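Shown next, in structure tokens, is the structure this report addresses.
The values are calculated or read from the model by the stated rules, or taken from the named source; none is laboratory data. On a predicted model such as this, the values are computed, not experimentally measured, just so you know. Every residue, glycine as well, gets a Cβ built from its backbone with ideal geometry; the counts of neighbours run over all protein chains shown.
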Amino acid sequence: MRIIRVKNRWEMSEKAAQVIIEKVKTHPFAVLGLATGGTPKGTYVNLIENHQKEGTSYAGVRTVNLDEYVGLPPDHKNSYHHFMNKHLFRGLDLPEEQIFLPNGMADDLDAECRRYDALIDALGGIDLQLLGIGKNGHIGFNEPDTSFQTKTHVVELTHSTRKANARFFENINEVPTHAITMGIASILASKEILLLASGKNKAEAMRRLWEEDVNEAFPASALKMHEHVIVIADEDALSLVDRDRHSRAR
Ligand code: F6R
């Protein structure tokens, strides 16, 4: 696990965008695994700006998102599909038919999970997976004690995750109770992983990532089993991690 320590969220977003742009330039048909939430927003702003000013093209890129709420159609203002359209896809030359998210409206959710895994395989796997991290160490919607063997599956969201996401809804009761998420095994199958963390509210999760061995009670610890993980984190997120111990992360 390689750590890039940056000053603040702004620098984190800029550096993360550089990693993604480099990937797209060297692999114009790359499969990018994408995340939603507050963390990657600034990265997406940088990608759009670079596309507009420098012309980096996404015409051949395919994207697969980590997760989607169950019960929200793609055009619902709180669906992850809508989030991605608004914050990234509309600003790039990425053809719509090369954009993939789990379908939270599927009648048979288990079949939808299998379809999504098969789709990722058919695309040749994920070249670069972008991740945020939850306060409890979740990645995607893989909450503590999810088996590391899981591929795409349906999860019941914990109260703490629904509470954290309630800021995007009218109130917590509006937050869906279930989601479809890539599993830890799907995430670990990516060729490279880029984990972003910013802010004091992620400091405890980053401390645990550094200090704990691989264990299912802390989902992000699974990343220690992967050979190519870059973590870009700001000073606030690393405020509980001893500088001298950065090298202990693997
Ligand atoms: C988003 C996702 C989640 C978030 C995590 C952090 O697609 O899968 O794991 O990355 O909840 O969320 P933010 O970035 O809002 O702090």
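To keep it simple, each residue is scored yes or no on (1) within 30 Å of residue 107 (Cβ to Cβ); (2) among the small types (Gly, Ala, Ser); (3) within 15 Å of the ligand (Cβ to nearest atom).
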position	(1), (2), (3)
131	yes, no, yes
137	no, yes, yes
148	yes, no, no
153	yes, no, yes
169	yes, no, yes
174	yes, no, no
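Looking at 144, 219, which one is farther than 28 Å from residue 27 by Cβ and in contact (Cβ under 8 Å) with a residue 60 or more places away in the chain?
Details: 219 fails: farther than 28 Å from residue 27 by Cβ.
Testing whether each residue is farther than 28 Å from residue 27 by Cβ and in contact (Cβ under 8 Å) with a residue 60 or more places away in the chain leaves just 144.
Which residue is nearest to residue 16 (Cα to Cα), if the candidates are limited to the range 180-200 and must be within 9 Å of the ligand (Cβ to nearest atom) and of a type in the set (Ser, Thr, Tyr)?
Checking each candidate, the answer is 198.
Give just the number: which of (1) within 16 Å of the ligand (Cβ to nearest atom); (2) surrounded by fewer than 17 Cβ atoms within 10 Å (Cβ to Cβ); (3) closer than 24 Å to residue 128 by Cβ does residue 209 not satisfy?
Of the numbered conditions (1) within 16 Å of the ligand (Cβ to nearest atom); (2) surrounded by fewer than 17 Cβ atoms within 10 Å (Cβ to Cβ); (3) closer than 24 Å to residue 128 by Cβ, the odd one out for residue 209 is (2).
Check residue 148 against each of (1) part of a helix (DSSP H, G or I); (2) at pLDDT 95 or above and name the one condition it does not meet.
For residue 148, the exception is condition (1).
Against the definition (touching a helix residue (DSSP H, G or I) at 6+ places or on another chain (Cβ under 7 Å), aliphatic (A, V, I, L, M), modelled with pLDDT of 95 or more and within 20 Å of residue 38 (Cβ to Cβ)), how does residue 188 come out, yes or no? Give the derivation first.
Values: touching a helix residue (DSSP H, G or I) at 6+ places or on another chain (Cβ under 7 Å): yes; aliphatic (A, V, I, L, M): yes; modelled with pLDDT of 95 or more: yes; within 20 Å of residue 38 (Cβ to Cβ): no.
Against the criterion (touching a helix residue (DSSP H, G or I) at 6+ places or on another chain (Cβ under 7 Å), aliphatic (A, V, I, L, M), modelled with pLDDT of 95 or more and within 20 Å of residue 38 (Cβ to Cβ)), residue 188 does not qualify.
Output the strands (runs of 3 or more DSSP E) that fall wholly within the range 167-250 and possess 1 or more residues being in contact with a His (Cβ under 9 Å, 6 or more places away or on another chain), or say none.
Details: elements: 178-181, 192-197, 229-234.
Because the criterion is at least 1 residues that are in contact with a His (Cβ under 9 Å, 6 or more places away or on another chain), the strands (runs of 3 or more DSSP E) in the range 167-250 that meet it are 178-181, 192-197.
Inside the range 155-167, can you point out the residues that are of a type in the set (Gly, Ala, Ser) and either within 11 Å of the ligand (Cβ to nearest atom) or touching a Gly at 6+ places or on another chain (Cβ under 7 Å) (or both)? Give the derivation first.
Step one: filter the range 155-167 for residues of a type in the set (Gly, Ala, Ser), giving 160, 164, 166.
Listed by number, the residues that qualify are 160, 164.
Please state which one of 170, 174 is in contact (Cβ under 8 Å) with a residue 24 or more places away in the chain and either in contact with a Pro (Cβ under 9 Å, 6 or more places away or on another chain) or among the acidic types (Asp, Glu) (or both). Explain how you work it out, then say what you get.
Numbers: 170 fails: in contact (Cβ under 8 Å) with a residue 24 or more places away in the chain.
Going through 170, 174 in turn, just one is in contact (Cβ under 8 Å) with a residue 24 or more places away in the chain and either in contact with a Pro (Cβ under 9 Å, 6 or more places away or on another chain) or among the acidic types (Asp, Glu) (or both): 174.
Restricting to the range 8-45, give me the number of residues that are on the phi > 0 side of the Ramachandran plot and away from the ligand (no atom under 16 Å from the Cβ). Please lay out each step first, then the result.
Going through the range 8-45, the residues on the phi > 0 side of the Ramachandran plot turn out to be 37.
With away from the ligand (no atom under 16 Å from the Cβ) added as a condition, the list becomes none.
Count: 0.
Spot the failing condition for residue 96; the list is (1) surrounded by 17 or more Cβ atoms within 10 Å (Cβ to Cβ); (2) more than 19 Å from the chain's Cα centre (by Cα), and only one is missed.
With (1) surrounded by 17 or more Cβ atoms within 10 Å (Cβ to Cβ); (2) more than 19 Å from the chain's Cα centre (by Cα) applied to residue 96, the lone miss is (1).
Output the qualifying pairs, or none if there are none: Cβ atoms under 7 angstrom, residues six or more apart or on different chains, first residue in the range 39-63 and under 19 Å from residue 233 (Cβ atoms), second residue in a loop (DSSP other than H, G, I, E, B).
Short answer, once both residue conditions are applied: 39/132; 39/198; 40/132; 44/88.
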